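For reference, the structure discussed in these notes is given below.
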Amino acid sequence: MSQRPTRILILGGGFGGVYTALTLEKLLKAEIRRGDVELGLVSRENYLVFQPMLPEVISGSIGVLDTITPIRRLCPSTNLYTRTIESIDLKHRSVQSTAGFGSRQHHLHFDHLVVALGNVTSFAGQPGLAEYALPFKYLGDALTLRNRIIHTLEEADIEQDPEVRRALLTFVVAGGGFSGVEAVAELNDFVRAAASSFRHIRPEEIRVVLLHAGGLILPELPKSLAEFAQALLMKRGVEIRLGTRLYGATADSALLEGGERIATRTLVSTVPSGPNPLVAMLPVKKERGRIVVDAHLEVPEVPGLWAVGDCAAIRDAKTGEDCPPTAQHATREAACAARNIVATLRGARREAFAFTALGKMGSLGRRSAVAEVFGVKLSGFLAWWLWRTIYLMKLPGLDRKLRVATDWTLDLVLPPDIVQLKTDRALGVRREYFEPGQVIFREGDRGDWLYVVTEGEVEVVRSVPGHGEAPVRRLGVGECFGEIALVSDVARSATVRAVSATNLLAVDREAFQAMFASMPPLRGFVEQLIASRSA
Ligand SMILES: Cc1cc2nc3c(=O)[nH]c(=O)nc-3n(C[C@H](O)[C@H](O)[C@H](O)COP(=O)(O)OP(=O)(O)OC[C@H]3O[C@@H](n4cnc5c(N)ncnc54)[C@H](O)[C@@H]3O)c2cc1C
């Protein structure tokens, strides 16, 4: 080995990244101790999320922190950089990230780079989904969804308008694959159990809908198990809409392909995932957005560059089939890549990646699951017991195992927790989407946002007693509205609705007033605008 340590850098703190580090720590113990090898791992979070248990965070049957494990404890010999990676420079063999406080750039150099950045939720091309649909991939997503469910129950309990109540008590999940099915099962159990603590919500008012484009949910499983899962969910009150695709969303509805809309305030989309932007930018060969690697998991055109997990296009050396994006595969690929890096350093023979999945399992909530393990099909309680036992064993860290086992035991006897955590401060600026004809705000509403049209057109109308509505003006791209109520602190003086599909930039009252007070040119512009519009 050379004078300076060999630097192995891993990007991503998911199953792929963490299991690469774990295996390298084991295989290179002596080299790391002598200072011949340095291991580094860069990830946005300092913990590994055990995603298979994420759906249980919705119902609270597992504590929020119990599905995650600190990477520092798992990989004590690896330097952890909890940072957002900005770019990867293959030519100079360095990775750039930005410091958490301030905006200093930071460069990390490598001899070997393992890319394990996973994929990202992408709602590109689907109007309104980025603004209103809740993704379901990260720990924060599960927590947000849980809080949203409790929030809608709180609102519904005191809401008198039947239409608004209906939207509040309708929960829609799009995607009938594993994560969608597990999420809808937990959501359904939770919302129905939690609703019993609300005085004015009747069980029959709750509607939970699963949208699935195919003819049967869980297409990854044998037909008999998928049918079992479908029948069980329906029996428990989930309305399954087969052959139905989500097209878009507005603030209060899910828009389906074909024009139907379902009024809802809670839409979860588990369907689309796109390539991580860092991976998309890498100048290497890709297949469906994933990095193409050889049988040893190295990128053929860049020696020393490796890719594992959801961001890698890997072909199984035994079957020749594409490896699916699962945690089971990511952990095995990670271990294989680590062994091959060590073999490369030592000039030894490298191995080709091959792995036959041990089985597939999906939890259906309330002591039921479906599983196919070593070719044996199981459903119901036995599958559920197996699901829990296997995932408990696989959960990294003894302390986490103990915590989850305790959570599960208490969950058998205690009612669901319905505390809503309000952690998010209102955003200063957000994007909004409106369908043609949809009202943005009504005359008489409280004025709490200023809007700028970024795409489409809106019409401003005012009510004329006894004569319906009178048109005031139409506004297009680059024009703003809603300023009168914000500046004068009065109720909205007109109704605004979208004429065509419209995207808006919305600035909240606090941000607007801060800018209005401290930017004289802006103040001048807004005052002039109000004067001309009032005239
Ligand atoms: C709800 C859900 C349930 C699932 N259930 C199962 C299951 O039961 N069984 C199974 O086998 N699989 C399951 N999966 C799939 C499994 O979780 C994934 O296949 C696996 O997590 C992929 O691991 P990965 O390391 O490739 O990617 P990820 O786990 O996505 O990790 C990517 C890492 O890269 C980091 N990162 C990304 N971009 C940046 C950046 N710019 N800067 C810094 N860090 C960055 C992320 O923070 C993350 O730590 C499930 C997935 C979900 C979403």
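The values are calculated or read from the model by the stated rules, or taken from the named source; none is laboratory data. Keep in mind the model is a prediction, meaning the values are calculated, not measured. Quick reminder, even Gly has a Cβ in these numbers, built from the backbone with ideal geometry, and neighbours come from all protein chains shown. Side chains included, ligands, DNA and RNA excluded: accessible areas come from the protein's heavy atoms. Shrake-Rupley method; radii C 1.70, N 1.55, O 1.52, S 1.80 Å.
Of the numbered conditions (1) at pLDDT below 90; (2) touching a Cys at 6+ places or on another chain (Cβ under 6 Å), residue 21 satisfies every one except a single condition; which is it?
Every listed condition holds for residue 21 apart from (1).
Does residue 204 satisfy the criteria of being closer than 23 Å to residue 418 by Cβ and surrounded by fewer than 17 Cβ atoms within 10 Å (Cβ to Cβ)?
yes
Got a sec? Which of 211, 255, 221 is surrounded by 16 or more Cβ atoms within 10 Å (Cβ to Cβ) and either modelled with pLDDT under 95 or within 16 Å of the ligand (Cβ to nearest atom) (or both)?
The unique qualifying residue is 221.
Can you tell which of 456, 524 is more than 36 Å from the chain's Cα centre (by Cα), free of Cβ contacts under 8 Å to residues at least 60 places away in the same chain and open to solvent by less than 60 Å² (accessible area, probe 1.4 Å)?
Matching residue, one of 456, 524: 524.
Go through the stretch 290-334 and count every residue that is touching a residue at least 60 places away in the same chain (Cβ under 8 Å) and more than 13 Å from the ligand (Cβ to nearest atom).
Adding up the residues that qualify gives 3.
Residues that are more than 23 Å from residue 355 (Cβ to Cβ) and among the polar types (S, T, N, Q): list the strands (runs of 3 or more DSSP E) wholly contained in the stretch 253-344 that include at least 2 such residues.
Counting at least 2 such residues, we get 266-269.
Within the set of pairs 6 or more residues apart or between chains, which connect a residue that is within 12 Å of residue 421 (Cβ to Cβ) inside the stretch 147-159 to a residue that is aliphatic (A, V, I, L, M) and not in a helix (DSSP H, G or I) with Cβ atoms less than 7 Å apart?
Close Cβ pairs satisfying both conditions: 147/421; 148/134; 150/418.
Would the stretch 52-63 turn up any residue that is away from the ligand (no atom under 11 Å from the Cβ), in contact with a Cys (Cβ under 8 Å, 6 or more places away or on another chain) and open to solvent by less than 20 Å² (accessible area, probe 1.4 Å)?
No: zero hits.
If a residue must be within 14 Å of the ligand (Cβ to nearest atom) and open to solvent by 20 Å² or more (accessible area, probe 1.4 Å), how many such residues does the stretch 86-104 contain?
Going through the stretch 86-104 one residue at a time, the tally reaches 6.
Suppose we filter 268, 238 for residues that are open to solvent by less than 30 Å² (accessible area, probe 1.4 Å), within 16 Å of the ligand (Cβ to nearest atom) and touching a residue at least 40 places away in the same chain (Cβ under 8 Å); which single one remains?
Every option except 268 fails the conditions.
Would you list the strands (runs of 3 or more DSSP E) that sit entirely within the stretch 95-154 and hold 2 or more residues that are more than 24 Å from the chain's Cα centre (by Cα)?
Correct list: 105-109, 112-115.
What number goes with the only condition from (1) open to solvent by less than 30 Å² (accessible area, probe 1.4 Å); (2) free of Cβ contacts under 8 Å to residues at least 40 places away in the same chain; (3) within 13 Å of the ligand (Cβ to nearest atom) that residue 46 does not pass?
So the condition that residue 46 fails would be (1).
Can you tell which of 185, 195 is within 26 Å of the chain's Cα centre (by Cα), open to solvent by less than 20 Å² (accessible area, probe 1.4 Å) and more than 16 Å from the ligand (Cβ to nearest atom)?
On inspection, the qualifying residue turns out to be 195.
Taking into account only those residues within the stretch 68-85 that are touching a helix residue (DSSP H, G or I) at 6+ places or on another chain (Cβ under 7 Å) and near the ligand (Cβ under 10 Å from one of its atoms), which is modelled with the lowest pLDDT?
Across the stretch 68-85, the extreme among qualifying residues is 85.
From the list 338, 263, 343, which one is surrounded by 15 or more Cβ atoms within 10 Å (Cβ to Cβ) and within 16 Å of the ligand (Cβ to nearest atom)?
Step by step, each of 338, 263, 343 is checked, and only 338 is surrounded by 15 or more Cβ atoms within 10 Å (Cβ to Cβ) and within 16 Å of the ligand (Cβ to nearest atom).
Go over the candidates 410, 392 one by one and state the one that is on the phi < 0 side of the Ramachandran plot, without any contact (Cβ under 8 Å) to a residue 24 or more places away in the chain and away from the ligand (no atom under 16 Å from the Cβ).
410
Can you tell me which residue among 176, 125 is in contact with a strand residue (DSSP E or B) (Cβ under 7 Å, 6 or more places away or on another chain) and farther than 30 Å from residue 6 by Cα?
176 is the lone residue from the list that is in contact with a strand residue (DSSP E or B) (Cβ under 7 Å, 6 or more places away or on another chain) and farther than 30 Å from residue 6 by Cα.
Please tell me if residue 205 is of a type in the set (D, E, K, R) and either touching a Pro at 6+ places or on another chain (Cβ under 6 Å) or modelled with pLDDT under 95 (or both).
no
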